[in-house]
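Engineer: For reference, the structure I am asking about is given below.
The values are calculated or read from the model by the stated rules, or taken from the named source; none is laboratory data. These numbers come from a predicted model, not from an experiment. Quick reminder, even Gly has a Cβ in these numbers, built from the backbone with ideal geometry, and neighbours come from all protein chains shown. For accessibility, only protein heavy atoms count, side chains too; no ligands or nucleic acids. Shrake-Rupley method; radii C 1.70, N 1.55, O 1.52, S 1.80 Å.
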Amino acid sequence: MDFLRPDRWEDALAAKAEHPAAVPLAGGTDVMVEINFDHRRPDHLLDLTRIRDLYTWQTEGEYVRLGAAVPYTRVIEALSGPLPGLALAARTVGSPQIRNRGGVGGNLGAASPAGDSHPALLAAGAEVEAESVRGTRLIAVEEFYTGVKRNALAPDELIRAVRVRKATGPQQFSKVGTRNAMVIAVCAFGLALHPDTRTVRTGIGSAAPTPVRARAAEDFLNAVLAEARCWETGRPVPPAAAAEFAALASAACNPIDDVRGSAAYRRRAVGIMARRTLGWAWQQYTTGERSARCA
């Protein structure tokens with residue numbers, strides 16, 4: 001196994017172009033586990049830890065441009081205001097040591113259905129900034145996941161940053177696991193209110209071959225909120241509408257039975273999380289107060 005360690009981003013792109021099968025390494029929280037257990041044995045490792053630009057972020061208009069290697073700890077400490085859903089999800093990632101190393105770029109690159117950042121990125125509205133020696137392109141996050149642990153990157157592309165819409169309303173994240181820490185999600189749900197466009201977006205994790213949005217649930221709820229003028233008046237979401245939203249979120253799942261949970265359990269849990277996160281977010285929107293359960 002050859003170890004490539006460029007000092008500049010341009011050199012990293014050139015190395016990836018020369019060795020398209022090279023595996024990028026930044027936090028290493030997924031890659032090194034696979035190597036240690038001999039699940040992966042690449043010919044080349046492409047170490048990106050010397051490229052400081054990957055560890056920075058900038059505010060660009062309505063987006064935060066988050067470098068691919070910004071660790072989860074920094075998201076929690078510095079970006080919980082503009083990116084509250086992602087910060088909530090980051091709090092559930094592994095242990096403090098893992099959160100100090102791992103970042104959203106690696107989570108996206110691994111493209112695991114159970115990745116904790118995916119529901120929050122889907123709900124917030126994010127774009128993946130992919131780059132190669134051929135140029136740069138933006139990929140909508142819902143188009144980035146192409147299969148179980150597969151993504152839309154070309155062989156010569158690397159993730160440079162993730163562009164995430166700054167929150168204009170409350171965002172929530174909920175996760176079911178077998179214990180409170182260092183756990184792979186049985187299933188997860190992200191929800192974001194976007195008062196500027198008067199829409200609701202969702203994200204579901206670990207309940208389908210890829211992370212997905214519950215689009216039918218979103219469309220239904222958006223229509224109900226508009227018809228009842230809930231955005232303008234702040235009146236509660238009708239209980240029947242919340243129940244139907246939860247049912248449609250469950251229907252968006254395509255889960256499997258595995259050692260962490262059954263398909264039936266995952267569908268039911270997603271529906272419950274959808275109803276609860278909607279209630280928490282709407283309470284925050286209408287009162288300005290954050291429920292204790294949101295922490």
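Engineer: In segment 75-102, what count of residues is obtained for those that are modelled with pLDDT of 95 or more and open to solvent by less than 20 Å² (accessible area, probe 1.4 Å)?
Structural biologist: 9
Engineer: Quick check, is ASN222 out of contact with any Pro (no Cβ under 9 Å at 6 or more places or on another chain), of a type outside the set (Lys, Arg) and in contact (Cβ under 8 Å) with a residue 24 or more places away in the chain?
Structural biologist: The answer is yes for ASN222.
Engineer: Name every residue in segment 121-140 that is buried (at least 24 other Cβ atoms within 10 Å of the Cβ) and closer than 20 Å to LEU54 by Cβ, in order of residue number.
Structural biologist: Scanning segment 121-140 gives LEU121, ALA126, VAL128.
Engineer: Just the residues that are acidic (Asp, Glu) and closer than 24 Å to GLY169 by Cα, please, taken from segment 103-130.
Structural biologist: Scanning segment 103-130 gives ASP116, GLU127.
Engineer: Does ARG215 satisfy being of a type in the set (Lys, Arg), more than 21 Å from VAL128 (Cβ to Cβ), at pLDDT 95 or above and surrounded by fewer than 19 Cβ atoms within 10 Å (Cβ to Cβ)?
Structural biologist: Criteria not met by ARG215.
Engineer: Here's a follow-up. Restricting attention to helices (runs of 4 or more DSSP H) lying wholly within segment 1-95, give those where 1 or more residues are basic (Lys, Arg).
Structural biologist: The qualifying helices (runs of 4 or more DSSP H) are 9-18, 72-78, 84-91.
Engineer: Of the numbered conditions (1) part of a helix (DSSP H, G or I); (2) within 22 Å of the chain's Cα centre (by Cα); (3) under 16 Å from TYR285 (Cα atoms), ALA216 satisfies every one except a single condition; which is it?
Structural biologist: (3)
Engineer: Go through ALA68, ALA22 for me and flag whichever is crowded, with 19+ Cβ neighbours inside 10 Å and in contact (Cβ under 8 Å) with a residue 60 or more places away in the chain.
Structural biologist: ALA68
Engineer: If you don't mind, there's one more thing I want to ask. Looking at (1) touching a residue at least 60 places away in the same chain (Cβ under 8 Å); (2) closer than 18 Å to GLY271 by Cα, find the lone condition where ILE184 falls short.
Structural biologist: The failed condition is (2).
Okay, residues lined up against (1) crowded, with 21+ Cβ neighbours inside 10 Å; (2) under 20 Å from ILE204 (Cβ atoms); (3) in contact (Cβ under 8 Å) with a residue 60 or more places away in the chain:
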site	(1), (2), (3)
PRO236	no, no, no
ALA243	no, yes, no
ALA281	yes, yes, yes
GLN284	no, no, yes
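Engineer: If you don't mind, there's one more thing I want to ask. Among residues belonging to segment 103-120 that are hydrophobic (A, V, I, L, M, F, W, C) and closer than 14 Å to LEU153 by Cα, point out the one that is surrounded by the fewest Cβ atoms within 10 Å (Cβ to Cβ).
Structural biologist: ALA110
Engineer: Still on this model: Do we have THR59 as more than 14 Å from the chain's Cα centre (by Cα) and open to solvent by 10 Å² or more (accessible area, probe 1.4 Å) here?
Structural biologist: Yes, satisfied.
Engineer: Let me confirm something: among VAL270, VAL259, VAL186, VAL200, which residue is under 27 Å from LEU108 (Cα atoms) and open to solvent by 30 Å² or more (accessible area, probe 1.4 Å)?
Structural biologist: It is VAL259.
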